[in-house]
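What follows draws every value from the coordinates through simple rules; no lab data is involved. This one's a predicted model, so the numbers in the text were calculated from it and none came from an experiment. Every residue, glycine as well, gets a Cβ built from its backbone with ideal geometry; the counts of neighbours run over all protein chains shown.
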Amino acid sequence: MFEDLSSGSVLRLREYLKEGAAYLQEIADRKESLKDLTKAIAEELGVKPAELSKALNAEFKNSIEDLKESMSVVESLLDAAHGTAS
């Protein structure tokens with residue numbers, strides 16, 4: 001299928017694959033570092049890592065208000081279910 005590639009195209013492809021693999025490794029390394037940092041800070045704050053990650057994702061996506069609204073709905077549903085609604 002790609003037997004007709006010019007030597008320049010082959011070199012570009014090799015370079016792309018090499019650089020792409022390096023970028024993906026860097027992303028994987030950074031994700032692991034963030035995971036370790038999240039665990040450490042969560043422990044320090046006395047919260048679950050998943051909760052801290054939700055806060056980080058909301059900050060990243062600039063969706064803090066959406067998260068607050070969603071949690072408010074969940075809280076209201078639980079209050080209603082357990083007879084503690086105002």
Pick out, from Ile27, Ala58, Ile41, the residue whose Cα sits farthest towards the positive end of the charge dipole of the chain, with +1 on the Cβ of Lys and Arg and -1 on the Cβ of Asp and Glu.
Ile27
Within the range 1-76, how many Lys pairs that are eight or more residues apart, or on different chains, come under 25 Å at the alpha-carbon?
16
Which label marks the calculated value of Rg and Dmax of the Cα atoms in Å, given the options (i) 22.9, 60; (ii) 23.1, 73; (iii) 17.4, 52?
(ii)
Only sites in a loop by DSSP and with at most 12 other Cβ atoms within 10 Å count here; which GluC sites (Glu not before Pro) in the chain make the cut?
Glu3
Principal-axis tilt of helix 64-81 within the chain, Cα atoms, nearest 10 degrees:
40
